[in-house]
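The values are calculated or read from the model by the stated rules, or taken from the named source; none is laboratory data. Since the structure is predicted, the reported quantities are computational estimates derived from the model, not experimental observations. All Cβ positions, even for glycine, are placed from backbone atoms using ideal geometry, and neighbour counts span all protein chains on display. The accessibility values were calculated without ligands, DNA or RNA, using every heavy atom of the protein model including side chains. Shrake-Rupley method; radii C 1.70, N 1.55, O 1.52, S 1.80 Å.
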Amino acid sequence: MAKEGAQRAEETEQMIEKEGGKEGAEGSAAGSLRSGDAKEMRAVVLSAFGGLNKLRVSKKAMPEPQEGELKIRVKACGLNFIDLMVRQGNIDNPPKTPLVPGFECSGIVEALGDSVKGFEIGDRVMAFVNYNAWAEVVCTPVEFVYKIPDDMSFSEAAAFPMNFVAAYMMLFEVANLREGMSVLVHSAGGGVGQAVAQLCSTIPNVTVFGTASSFKHEAIKDSVTHLFDRNADYVQEVKRISTDGVDIVLDCLCGENTGKGLSLLKPLGTYILYGSSNMVTGETKSFFSFAKSWWQVEKVNPIKLYEENKVIAGFSLLNLLFKQNRGGLIKSVMDKLLNLYTSKKIKPVVDSLWALEEVKEAMQRIHDRGNIGKLILDVEKAPTPLMANDSTETSEAGEEEEDHEGDNENKERMPFIQ
């Protein structure tokens, strides 16, 4: 173990020197870990809300840590379906554009803000970031940063926070998953779906019903108990196997699936809405799809819930972190998850790695539901020339050619859910 630790320390030092961290380390001897020099970095920039043409890779000023923050040299970033909704402007009270998207990343600690304790230069970490994750360098409060286990890669670490924390909290904090219960999860082949399946396997005799595109079934069939095509009548399929229904429904689709999910709940069962991917039907925001999906949502009658002994809940990890100040709770959950990882009971599923310049193609893969597990932006990966032609600097004229309805700030926006 001592030899492995020495090798890890040497590798970390080499990575810091490669990325310019050596200057920060030398500066620490003089009592300062922050540089006043203006430096630039590469970042994915969303110039305006709309389609893929609103994304580009450009140079931005490198941030420096404020009090209580860590500066992280990013190695990998996670892509989530919420990032598509951000791009389209399909969220509640989005920040002004231009902005750098992304909510999670992994990398190496390069500098410490004042009053930061528990971390050192060179630590391998993963972190939640309130936007700005898709860049070579990020700064984020220390309460959102967690050390990476020695045997976890940077790509796995970037695939870990959003998916596993959301899955764990929905199953155990909201729905109180216990031995012998049953769970229905949509998009079972996605990052959250695979995290749910793995966490359910840590509890004895839990039955997992999953829906996914048929081409994913062979790859994920061993992770769930019963797997159905996402376009099939899964309600009847579930009831055929379990007449009483299920104990927990995890819904990232919304629309008509809300009523279906509620109809499948056993007495004392819990339905949790944590996303609304049915409202993303095209490259840009569609007010028609938005209206159609909300029209299809089951009108919840509290008296009916009372009579049927059912629970309906919502879960937004990003709101919990950045608006409701529950960082301490998230840290306790992360500690439990890392223990499960080190005991080899869970492991992030990485679908594929993409260069920053390939962000458009990566987003399209998520939109097409083509991924099994998590898509990762690898900051050090060289782009495939034919794929990255369109993702570098875009002319101002090119950015302003289209005026999609997703850019209209007067349109009603989706709640910020993940």
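Do we have Val86 as over 25 Å from Met152 (Cα atoms), at pLDDT 95 or above and either open to solvent by 10 Å² or more (accessible area, probe 1.4 Å) or under 24 Å from the mean Cα position of the chain (by Cα) (or both) here?
Numbers: over 25 Å from Met152 (Cα atoms): yes; at pLDDT 95 or above: no; either open to solvent by 10 Å² or more (accessible area, probe 1.4 Å) or under 24 Å from the mean Cα position of the chain (by Cα) (or both): yes.
Taking the combined requirement at face value, the residue does not satisfy it.
Only residues that are in contact with a Lys or Arg (Cβ under 6 Å, 6 or more places away or on another chain) and at pLDDT below 95: list them for the range 343-392, please.
Asn371, Ile372, Ser391
State whether the residues of the range 103-113 include one that is of a type in the set (A, V, I, L, M, F, W, C), under 23 Å from Ile346 (Cα atoms), under 16 Å from the mean Cα position of the chain (by Cα) and open to solvent by 10 Å² or more (accessible area, probe 1.4 Å).
no
I need a count of the residues in the range 358-373 that are among the acidic types (Asp, Glu), open to solvent by 10 Å² or more (accessible area, probe 1.4 Å) and either over 22 Å from Ser214 (Cα atoms) or not in a loop (DSSP other than H, G, I, E, B) (or both).
1
In the range 117-148, how many are open to solvent by 20 Å² or more (accessible area, probe 1.4 Å), within 30 Å of Ile248 (Cβ to Cβ) and either assigned to a loop (DSSP other than H, G, I, E, B) or not assigned by the TED database to the domain that holds Ser58 (or both)? First the steps, then the outcome.
Start the filter on the range 117-148 by keeping residues that are open to solvent by 20 Å² or more (accessible area, probe 1.4 Å), which leaves 117-121, 123-124, 130-132, 136, 139, 141-143, 147.
From what is left, the residues that are within 30 Å of Ile248 (Cβ to Cβ) are 130, 143.
Checking which are either assigned to a loop (DSSP other than H, G, I, E, B) or not assigned by the TED database to the domain that holds Ser58 (or both) leaves us with 130.
Result for the range 117-148: 1.
Being buried (at least 24 other Cβ atoms within 10 Å of the Cβ) and closer than 15 Å to Leu273 by Cβ is the filter here; which residues of the range 169-182 pass it? Show your work before the answer.
Quick first cut of the range 169-182, residues buried (at least 24 other Cβ atoms within 10 Å of the Cβ) only: 170-171, 182.
Once the filter is applied, which keeps residues that are buried (at least 24 other Cβ atoms within 10 Å of the Cβ) and closer than 15 Å to Leu273 by Cβ, the range 169-182 yields Met170, Leu171.
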